[in-house]
Amino acid sequence: MATDTITGHARAPKFPWVPVLLYLTLGVLAFIFIMPLAVMVLTSVRPLEEIRTAGIIGIPQHVTFDAWGTAWNEACIASVCEGLQPYFRNSLAIAVPATLLSTILGAVNGYALTKFRFRGADTLMVLIILGCFLPLQAVLIPAAQTLSSLGLANSVFGLILIYAVYGLPFTTLFFRNYYVAVPDEIVRAATMDGAGFWRIFTQIMLPISWPIFMVSVVFQFTGIWNEFLFGVSFSTGASQTVTVALNNLVNTTFGVKQYNVDMAASLIAALPVLILYLFVGRFFVRGLTAGSVKG
Amino acid sequence: MTKKEGIAPSGLARSFDWAGLRRYLPAWFAVAPSLAALLVFVYGFALWTAYISLSASKMIPDFTFVGLRNYQRLWGEDRWTVAATNLVTFTVLYVGVTLAVGLLIAILLDQKVRLETPLRTIFLYPAAVSLVVTGISWKWLLNPGTGIEAFVRSLGWDNFVFDWIIQQHTVIFAVVIAAVWQQAGFVAVLLLAALRGVDGEMVKAARLDGAGPVRTYWSVIIPAIRPAFISAFVLLVAFALKTFDLVVAMTAQGPGYASALPSTFVYDMAFQRNQLGIASAGAVSILLFAAVIVLPYVIWEFRKTDGH
Amino acid sequence: MTTLNISGLKKSFGTTDVLKDINIAVGDRGFLVLLGPSGCGKSTLLNVIAGLEQVSGGGITMDGQEITRVESKDRDIAMVFQSYALYPSMTVERNITFSLEVRGVPREQRRQAAAEVAESLQIAHLLGRKPSQLSGGQRQRVAIGRALVRSPKVFLFDEPLSNLDTQLRLETRALIKRLHQRLGSTSVYVTHDQSEAMTLATHIAVMSKGEVAQFGTPAEIYSKPANLFVARFVGTPPMNFFPASVTERQGQLLVHLENCGAIPPMDLSSHGALLHSVGRKLTIGVRPDQLVLAESAEDGDPVLEAIVDIVEDTGTDMFVYLRSGNQEFILRQPPGLPPKSGATLRVALPVTNMHFFDTELGDRLSD
Ligand SMILES: Nc1ncnc2c1ncn2[C@@H]1O[C@H](COP(=O)(O)OP(=O)(O)OP(=O)(O)O)[C@@H](O)[C@H]1O
Ligand SMILES: [Mg+2]
């Protein structure tokens, strides 16, 4: 074989890049990527006077966490001065159920449409997955009218419904890509063993689905937590999500701009998803690429 | 479910397939709720919007049919043409630059570098940050009075200028910077996984054929990760069309309405100015734009698996 | 104790007819092997028997009872799959007993059943493992165990050995044969490996493009192939074919070999069946092991002068590739001193071992 003859060369690194150039480029890129976060963190722990005199980019002379406290439970959003904390809770109350709901339904869809290919199953799959590319503005007005006629406008339930439904195309796509790689013979074997649709799903498919479950949960939670258009359209006042409240806090302040509070608030709003990425980001990427790259 | 039911003689077998139906019934039931929800919320609502766009609706729906009048007024509005132009500029630059930067990072990380894991985390984390937070932080960084320009000037370069965000004709580029920052790492990680999946023997063969590193990447490795590229491309286009929050948080569509996007336009028309008809016409225009780009891909992607 | 009857069975996917009018019967203690090239519909037929696919026409009976529309789980049929299809998240024990679990068999009984089956397959020490911790051969045994535990009336096997290496394949083949002899359960076994077919089967159905090309015992299939397809498909190395034609002169039936240069025609007047083929194209088949060197030929057998092309020595056999005029063929010899490439051999075609086929129709001209 041709490859045997070059095993001697193959031991060297893939290409003899000039390592200095390589690490320099990576270093510059990494600096650019980390800078916004670094500035936010640093500014959030600086006293306001220091920022005002030295600009928002700079090393803190005095470190104080006052701004974090203010952002959490004192800052004023519109006329309510309770900080981000109530809206943070709203977001949790919306994102957790909507994530679980859409993930579970997506798993069921992916399973039913790949392993029980009744006539039209492929068409249904395409119909569902096309929803991934729907620009949400195209459904904004009907969604608003429907929610208000259902009495769900400005309620946590309305947003749970909206997020769960519009997440379905994505979760279905994830599970579809995962389940097409599971051999049909497993389902056939289970059918012959006497297991029905739901038993095969719960006892055979679900236990092997955790990697894609992870992907779906991370993707949905991130998307819902960070979502703004539906949030700003369908939640006002006390029912706002944290992302909407943050925008109101930062972009509609009157009087003195409290940069440190704004930055702390931004970080607080970003924290849950950042933490999620930190812990399960590795599985997320692995699971995601397992499905999408094989083509 | 009866075991000993009368068996149809073979002549009847061509008639309705009851056994097949019975077998697939649970699957049908299982997808029915999702299907119903999506038929209403996606397809029903999109049609509804299309319908409103042809009606005289203002603040409340008014189903007097007015033909394409809303579209005429829409395309006559300077604000909309600016927004539509912005969307094209933004989509082209955002998708192109993000793919390029993502590919660059992926290739760099593919060189067996030290500290790959922390580097990957640094590149990936912006994808976890919402576009609102992205917009806020880049707003400050790009603001000449507080951000990078001020900082560089404080270091002594008194004439340094970096004020894209406050200039009408450059503000959209400032938005692109923030958007690229948010997604490039994610694309890089996707492409990196694809690069790692490339057949090592093929790369060795290319080297034996005398191809240098640049040539090998350009002619052998990058073509091999085409599927991942296409996935990333479609994903980015979909994101670009949805972009709304970034502009709201970063520039509030300003200066003036120089950084408006069709999405912000639709939102304003629908909820601030009570012009449901025009808003819907704008929404339908976005939808058509999305369909033109995305539909060929989806059909191509799912044709492959359609036959058994 | 179980007979399986398939009559007039048809199956189509959309507009493609995958199975066209299949008729097969397997008797009690029968071991039917479905043999055929890839894509001929073997797996589809098996899936139809299993109830995993619906028929488009025709019917299946088990012990005289119609089961065509009975659900898979109520047919009392178990199946072993090519890819093993073990449940990845379950231990070997739970894999084996899953069918019992579904049927509500109490835990203690299940455990005992698993132990017995595992014992007979020598996998008792693996019961606590997950499939990913097993080798290919072990997985295959678990898959067989999963079928065994239900003591079904009929066993189905879909190419169960094709993912194993040669050694394991032989061992597992022997295991399956032993199990069948012990349990006597009616079995249907899919393969495209003819040595598997020959060693395991009581009956073979050779399939081609959704039809049964021949159904019979292994001996019948081998010694009386019903058509050119079967003749070509069964036997390694394959049967040699010689194009020929028949003429009638003065009451004599004369057969001419067409590609072999000038050799005198054979007088085959004794083969009455050839009478109808006068003027038609004929194909004569002779298996490589039934060709003989000219010294030991009978009178009247045609003798070909052939040049040795290459020789393959497998240790137990020697296959000599020969050419005579435009005709190529293979001769099997016991091991010994191989003839030199380029040497000339005189090879006789024994008339008694000839198979006659109508070239156009492909059918055997029966004798
Ligand atoms: N679900 C299906 N839809 C359409 N065509 C199918 C389907 N399943 C099988 N076929 C076709 O039916 C034919 C027979 O397939 P089958 O799997 O039975 O072949 P096989 O004899 O088992 O082949 P192999 O030895 O390769 O396993 C093939 O041409 C295949 O393409
Ligand atoms: Mg098969």
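The values are calculated or read from the model by the stated rules, or taken from the named source; none is laboratory data. Just so you know, these numbers come straight off a predicted model, no measurement behind them. Note that we place each Cβ from the backbone using ideal geometry, even for glycine, and neighbour counts take in every protein chain shown. When the accessible area is computed, the model is the full protein with side chains, heavy atoms only, and any ligands, DNA or RNA have been set aside. Shrake-Rupley method; radii C 1.70, N 1.55, O 1.52, S 1.80 Å.
For region C:116-133, which residues satisfy the criterion of being among the aliphatic types (A, V, I, L, M) and either surrounded by 19 or more Cβ atoms within 10 Å (Cβ to Cβ) or within 16 Å of ligand 1 (Cβ to nearest atom) (or both)?
Within region C:116-133, the first condition is being among the aliphatic types (A, V, I, L, M), and the residues that meet it are C:117-118, C:121, C:123-124, C:126-127.
Listed by number, the residues that qualify are C:VAL117, C:ALA118, C:LEU121, C:ILE123, C:LEU126, C:LEU127.
Might you check whether a residue that is in a helix (DSSP H, G or I) and within 13 Å of another protein chain (Cβ to nearest Cβ) occurs anywhere in region B:160-174? The answer is no; no qualifying residue exists.
Residue count for region C:105-134, restricted to those that are within 24 Å of C:LEU200 (Cα to Cα) and part of a loop (DSSP other than H, G, I, E, B): 2. The single condition among (1) facing chain A (nearest Cβ under 8 Å); (2) open to solvent by 10 Å² or more (accessible area, probe 1.4 Å) that B:PRO223 does not satisfy is (1).
Restricting attention to region A:71-106, which residues are part of a helix (DSSP H, G or I) and surrounded by 24 or more Cβ atoms within 10 Å (Cβ to Cβ)? Lay out the reasoning, then the answer.
Narrowing region A:71-106 to residues part of a helix (DSSP H, G or I): A:71-73, A:85-106.
Within region A:71-106, A:ALA71, A:TYR87, A:SER91, A:ILE94, A:ALA95, A:ALA98, A:THR99, A:SER102, A:THR103, A:GLY106 qualify.
Residues satisfying the criterion are absent from region B:95-102 (criterion: closer than 26 Å to A:TYR166 by Cβ and not in a helix (DSSP H, G or I)). For region C:89-102, the condition holds for at least one residue, the condition being that it is more than 14 Å from ligand 1 (Cβ to nearest atom), part of a loop (DSSP other than H, G, I, E, B) and either facing another protein chain (nearest Cβ under 9 Å) or under 27 Å from A:GLY120 (Cβ atoms) (or both). Within region A:148-202, the set of residues being open to solvent by less than 10 Å² (accessible area, probe 1.4 Å) and in contact with a Cys (Cβ under 6 Å, 6 or more places away or on another chain) comprises A:PRO169 only. Considering region C:35-56, the residues that are buried (at least 21 other Cβ atoms within 10 Å of the Cβ) and more than 26 Å from A:ALA195 (Cβ to Cβ) include one that is farthest from ligand 1 (Cβ to nearest atom), namely C:LEU35.
Among the listed residues A:ALA143, A:ALA98, identify the single one that is facing another protein chain (nearest Cβ under 8 Å), touching a residue at least 12 places away in the same chain (Cβ under 8 Å) and of a type in the set (Gly, Ala, Ser). Walk me through how you get there before you give the answer.
Details: A:ALA98 fails: facing another protein chain (nearest Cβ under 8 Å).
Going through A:ALA143, A:ALA98 in turn, just one is facing another protein chain (nearest Cβ under 8 Å), touching a residue at least 12 places away in the same chain (Cβ under 8 Å) and of a type in the set (Gly, Ala, Ser): A:ALA143.
Output yes when any residue across region C:18-31 is more than 22 Å from C:ARG141 (Cβ to Cβ), more than 14 Å from ligand 1 (Cβ to nearest atom), free of Cβ contacts under 8 Å to residues at least 24 places away in the same chain and within 14 Å of chain A (Cβ to nearest Cβ), and no when none is. Within region C:18-31, none of the residues are more than 22 Å from C:ARG141 (Cβ to Cβ), more than 14 Å from ligand 1 (Cβ to nearest atom), free of Cβ contacts under 8 Å to residues at least 24 places away in the same chain and within 14 Å of chain A (Cβ to nearest Cβ).
To keep it simple, each residue is scored yes or no on (1) at pLDDT 90 or above; (2) touching an Asp or Glu at 6+ places or on another chain (Cβ under 9 Å); (3) under 30 Å from C:ARG103 (Cβ atoms); (4) within 16 Å of ligand 1 (Cβ to nearest atom).
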| residue | (1), (2), (3), (4) |
| --- | --- |
| C:VAL142 | yes, no, yes, no |
| C:ALA147 | yes, no, yes, no |
| C:PRO152 | yes, yes, yes, no |
| C:ALA174 | yes, no, no, no |
| C:LYS177 | yes, no, yes, no |
| C:GLY184 | no, yes, yes, no |
| C:MET198 | yes, no, no, no |
| C:THR202 | yes, no, no, no |
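Considering region C:64-92, the residues that are open to solvent by 40 Å² or more (accessible area, probe 1.4 Å) and touching a residue at least 40 places away in the same chain (Cβ under 8 Å) include one that is nearest to C:VAL102 (Cα to Cα), namely C:ASP76. Each residue in region C:6-26 was checked for being out of contact with any Gly (no Cβ under 8 Å at 6 or more places or on another chain) and farther than 23 Å from C:ASP193 by Cα, and 5 of them qualify. Residues that are more than 16 Å from ligand 2 (Cβ to nearest atom) and of a type in the set (D, E, K, R) within region C:46-90 comprise C:ASP63, C:GLU66, C:ARG69, C:GLU71, C:LYS73, C:ASP74, C:ARG75, C:ASP76, listed in sequence order. Among the residues making up region B:254-269, those that are open to solvent by 10 Å² or more (accessible area, probe 1.4 Å) and assigned to a helix (DSSP H, G or I) are B:TYR267, B:ASP268. Considering the conditions (1) part of a loop (DSSP other than H, G, I, E, B); (2) surrounded by fewer than 21 Cβ atoms within 10 Å (Cβ to Cβ), C:PRO225 is excluded by exactly one of them, (2). Looking across region C:194-222, the residues that are assigned to a strand (DSSP E or B) and in contact with a strand residue (DSSP E or B) (Cβ under 7 Å, 6 or more places away or on another chain) come down to C:HIS203, C:ILE204, C:ALA205, C:VAL206, C:MET207, C:GLU211, C:VAL212, C:ALA213, C:GLN214, C:PHE215, C:GLY216. Which residue pairs have Cβ atoms under 6 Å apart, sit 6 or more places apart or on different chains, and have a first residue in region C:193-205 that is acidic (Asp, Glu) and a second that is open to solvent by less than 40 Å² (accessible area, probe 1.4 Å)? From residues that are acidic (Asp, Glu), there are no pairs.
Identify the residue in region A:184-235 that is outside any helix (DSSP H, G or I) and more than 14 Å from chain B (Cβ to nearest Cβ) and, among all such residues, is nearest to B:GLN272 (Cα to Cα). So that I can check it myself, show each step before the final result.
At the first step, the residues of region A:184-235 found to be outside any helix (DSSP H, G or I) are A:193-196, A:209, A:227-228, A:235.
Still in the running and more than 14 Å from chain B (Cβ to nearest Cβ): A:193, A:209.
On the way: A:ASP193: 61, A:SER209: 45 Å.
Restricting to residues being outside any helix (DSSP H, G or I) and more than 14 Å from chain B (Cβ to nearest Cβ), the top hit is A:SER209.
Among the residues of region C:138-148, is any farther than 27 Å from C:LYS73 by Cα, away from chain A (no Cβ under 14 Å) and either away from ligand 2 (no atom under 16 Å from the Cβ) or touching a helix residue (DSSP H, G or I) at 6+ places or on another chain (Cβ under 6 Å) (or both)? No, region C:138-148 contains no residue that is farther than 27 Å from C:LYS73 by Cα, away from chain A (no Cβ under 14 Å) and either away from ligand 2 (no atom under 16 Å from the Cβ) or touching a helix residue (DSSP H, G or I) at 6+ places or on another chain (Cβ under 6 Å) (or both).
In a residue-by-residue description of region A:127-137, the property of being in contact with a helix residue (DSSP H, G or I) (Cβ under 9 Å, 6 or more places away or on another chain), of a type in the set (A, V, I, L, M, F, W, C), closer than 30 Å to A:ARG89 by Cβ and part of a loop (DSSP other than H, G, I, E, B) applies to at least one position. Of all residues in region B:230-280, those satisfying the criterion of being among the hydroxyl-bearing types (Ser, Thr, Tyr) and under 19 Å from B:TRP48 (Cα atoms) are B:SER263, B:TYR267, B:SER280.
Hey, could you check region C:232-255 for residues that are among the hydroxyl-bearing types (Ser, Thr, Tyr) and out of contact with any Asp or Glu (no Cβ under 9 Å at 6 or more places or on another chain) and say which is surrounded by the most Cβ atoms within 10 Å (Cβ to Cβ)? Before you say what the answer is, go through the steps one by one.
Of all residues in region C:232-255, those among the hydroxyl-bearing types (Ser, Thr, Tyr) come to C:236, C:245, C:247.
Filter once more, so that each one left must be out of contact with any Asp or Glu (no Cβ under 9 Å at 6 or more places or on another chain): C:236, C:247.
Values: C:THR236: 9, C:THR247: 12.
Taking the candidates together, the pick is C:THR247.
Residue-level check: of (1) more than 14 Å from chain A (Cβ to nearest Cβ); (2) at pLDDT below 90; (3) farther than 26 Å from C:GLY235 by Cα; (4) touching a strand residue (DSSP E or B) at 6+ places or on another chain (Cβ under 9 Å), C:GLN65 misses just (4).
Would you check if there is a residue in region C:307-328 being part of a loop (DSSP other than H, G, I, E, B) and crowded, with 20+ Cβ neighbours inside 10 Å? Within region C:307-328, none of the residues are part of a loop (DSSP other than H, G, I, E, B) and crowded, with 20+ Cβ neighbours inside 10 Å.
The condition of being within 11 Å of another protein chain (Cβ to nearest Cβ), polar (S, T, N, Q), in a helix (DSSP H, G or I) and under 29 Å from the mean Cα position of the chain (by Cα) does not hold for B:THR89.
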